Amino acid sequence: MRSVQVVRLEGPSGVEVREAPEPTRSDAEVLVEVHTLGISWPDLLQSRGQYQIKPDLPFQLGVDFAGVVREAPPGSGFAAGDRVACCLPYGGGADLVAVPPDSVFPVPDGVTFAKAAALPLNYLTAQFALQTRAGLREGETVLVHGAAGGVGTASLQVARGLGARTVAVVSTEEKAELVRGLGADHVVLVEGFLAAVKELTDGAGVDVVVDVVGGDLFTDSLRALAPLGRLLVVGFTGGRIPEVKVNRLLLNNTDVRGVGWGAYAMARPGFMSAQWDSLLPMITSGVIDPPVGRTYPVEEVASALSDMDARRVLGKTVLTLG
Ligand SMILES: NC(=O)c1ccc[n+]([C@@H]2O[C@H](COP(=O)([O-])OP(=O)(O)OC[C@H]3O[C@@H](n4cnc5c(N)ncnc54)[C@H](OP(=O)(O)O)[C@@H]3O)[C@@H](O)[C@H]2O)c1
C-alpha cells in the first residue's frame, strides 16, 4: 500500500509516498480504508520535527483522514462498510490504517469524504476552544484570526452554531471572499483590525478572540477584548510566541487561556466521541460545512504542504487516495 512518510526532517521536501506493508489490526482496533487525508499545520510542523510529538524517522504522517471501515471489533460501535472520519496524532496517511475506536467518528450520509477529512482536528479543536475553554455564551461576539484557514473556518462555523456573532480577520481580499461565503457576520483585514473591531462594536470590543497566529497581533488582540473577554491561544502560524504583560489583564478584567486540544482530548477515553456527538446536529443541519480548498492526489503531498507553508491555503487542503 501507499504510505505518506516523513523521511527527512526538512519540511515538505522530506515527505515522500513510499510502498509499505498493510497493517494488521489488533483485536481492539478498527481497520479503515482511507479515501481522503486532510493536511493541517501540525503535519507541516511534524515534517520539520517542530511538533510536540517527535516520532523516529521514517514515520507515517497524517492527522485527519476519512474512509470506509473494512473490519471492526464487536462492541466498537462500528461495522464493515461504515463511512468514518478519524483523527490520530500522526500515522493516518496510508491506504489502510488501524485506528483505536475512540479516534473513529461516524460520518452522516451526504457528507463527502473530502469534507469528512476536514472535520476532526479543526472542528473538535474549535468546539473545545469555544465551549470548554472560553465558555462561549449565545449572543457573544467572537473574533477569529486566520479565519480562512482550517481552524479559523471551523471556529467561525462552530461559533455561529453556538449562537455567537462572528468577526473574521484575514490577510487578503480572496480570503475575505471565502469567509463571507461562510456567513461571517463581519470581515476585516488584518492590517488595522483593532480599529475596525472597535468601530464594529461601538467601542465595546469582542468577548472572545480565537488566535491561531500569535506574533505581532497579540497585543492588539488583547486590546480588542471587552471586559471579561477571553483570548484563546491556539497556535503560532505567525512564527513568534508572544508574551503578555499581565497588568493588561488586570486593567480590563480579561483572560488569556491556552487551548491544547490534542493532548487533552486524546488522553481521555470517550472525550472526542462526546465532542463529535455534540457537533453532529450542526453537521447534519449544514451549519458545519467545511470549505475544502485545493485537493491533490496523495503523490503531491509535498506541494500541498508547501502551499500551506507559503500561506496560500484557503479552507482545508485534502489529498485523495481512494
Ligand atoms: N491548540 C490546538 O489544540 C490546535 C489544534 C489544531 C491546530 N492548532 C494550530 O492552529 C494553527 C492554525 O492551523 P491551521 O491548520 O488552521 O492552519 P492554516 O489552515 O494554514 O491557517 C492558518 C492561518 O494563519 C494565518 N497566518 C498568519 N501568518 C501566517 C504565516 N506567517 N504563515 C502562514 N499562515 C499565517 C493565515 O491567515 P491569513 O493569511 O489570513 O492571516 C492562515 O490562513 C497552527 O499553529 C496549528 O498548529 C492548534
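Against the test of being over 24 Å from Leu130 (Cβ atoms), out of contact with any strand residue (DSSP E or B) (no Cβ under 6 Å at 6 or more places or on another chain) and not in a loop (DSSP other than H, G, I, E, B), the options Asp277, Asp307 yield a single qualifying residue, Asp307. Of all residues in region 294-304, those being within 27 Å of Ala184 (Cβ to Cβ), of a type outside the set (Val, Ile, Thr) and in a strand (DSSP E or B) number 2. In the set Val167, Val190, only one residue is over 23 Å from Ala117 (Cβ atoms) and either crowded, with 22+ Cβ neighbours inside 10 Å or under 16 Å from the mean Cα position of the chain (by Cα) (or both); that residue is Val167.
Just to be sure before I move on: is Phe128 outside any loop (DSSP other than H, G, I, E, B), touching a residue at least 60 places away in the same chain (Cβ under 8 Å), of a type outside the set (Val, Ile, Thr) and more than 15 Å from the ligand (Cβ to nearest atom) in the structure I sent? Taking the combined requirement at face value, the residue does not satisfy it. On inspection, Leu280 does not qualify as surrounded by 11 or more Cβ atoms within 10 Å (Cβ to Cβ), modelled with pLDDT of 95 or more, within 12 Å of the ligand (Cβ to nearest atom) and among the hydrophobic types (A, V, I, L, M, F, W, C).
Gly322 fulfils the conditions (1) over 19 Å from the mean Cα position of the chain (by Cα); (2) buried (at least 18 other Cβ atoms within 10 Å of the Cβ) except for a single criterion, (2). Of the residues making up region 135-159, just one is acidic (Asp, Glu) and touching an Asp or Glu at 6+ places or on another chain (Cβ under 8 Å), namely Glu140.
Go through (1) modelled with pLDDT of 95 or more; (2) within 11 Å of the ligand (Cβ to nearest atom); (3) farther than 30 Å from Thr219 by Cα and name the single condition Met266 misses. With respect to (1) modelled with pLDDT of 95 or more; (2) within 11 Å of the ligand (Cβ to nearest atom); (3) farther than 30 Å from Thr219 by Cα, Met266 is out only on (1).
Looking at Gln157, is it closer than 16 Å to Asp289 by Cβ and among the polar types (S, T, N, Q)? Walk me through how you get there before you give the answer.
Working: closer than 16 Å to Asp289 by Cβ: yes; among the polar types (S, T, N, Q): yes.
Yes, satisfied.
Can you tell me which residue in region 283-302 is modelled with the highest pLDDT, limited to those that are exposed (fewer than 13 other Cβ atoms within 10 Å of the Cβ) and over 25 Å from Asp207 (Cβ atoms)? Only one residue tops the list, namely Pro297.
Residues that are away from the ligand (no atom under 15 Å from the Cβ), farther than 19 Å from Val63 by Cα, within 14 Å of the chain's Cα centre (by Cα) and β-branched (Val, Ile, Thr) do occur in region 287-298. For region 131-149, a tally of residues being within 13 Å of the ligand (Cβ to nearest atom), among the hydroxyl-bearing types (Ser, Thr, Tyr) and over 24 Å from Arg268 (Cβ atoms) returns 0. For beta carbons closer than 9 Å, sequence separation of 6+ or different chains, a first residue in region 45-62 that is under 18 Å from Trp261 (Cα atoms) and within 12 Å of the ligand (Cβ to nearest atom) and a second that is β-branched (Val, Ile, Thr) and part of a loop (DSSP other than H, G, I, E, B), the qualifying pairs are Gln46/Ile53; Gln46/Val63.
Give the residue that is surrounded by the fewest Cβ atoms within 10 Å (Cβ to Cβ), with candidates limited to residues of region 253-263 that are farther than 19 Å from Ala85 by Cβ and modelled with pLDDT of 95 or more.
Residues of region 253-263 farther than 19 Å from Ala85 by Cβ: 253-260, 263.
Next, only the ones that are modelled with pLDDT of 95 or more stay: 253-260.
Values: Asn253: 11, Thr254: 21, Asp255: 14, Val256: 19, Arg257: 15, Gly258: 9, Val259: 21, Gly260: 13.
So, considering only residues that are farther than 19 Å from Ala85 by Cβ and modelled with pLDDT of 95 or more, the one surrounded by the fewest Cβ atoms within 10 Å (Cβ to Cβ) is Gly258.
Once region 26-44 is narrowed to residues that are crowded, with 24+ Cβ neighbours inside 10 Å and within 16 Å of Leu96 (Cβ to Cβ), the residue that is nearest to the ligand (Cβ to nearest atom) is Leu37. Among the residues of region 63-80, is any within 22 Å of the chain's Cα centre (by Cα) and among the acidic types (Asp, Glu)? Looking for residues that are within 22 Å of the chain's Cα centre (by Cα) and among the acidic types (Asp, Glu), one finds at least one in region 63-80, hence yes.
The values are calculated or read from the model by the stated rules, or taken from the named source; none is laboratory data. Please read all numbers here as calculations on a predicted model, not as lab measurements. We place every Cβ from the backbone using ideal geometry, glycine too, and count neighbours over all the protein chains shown.
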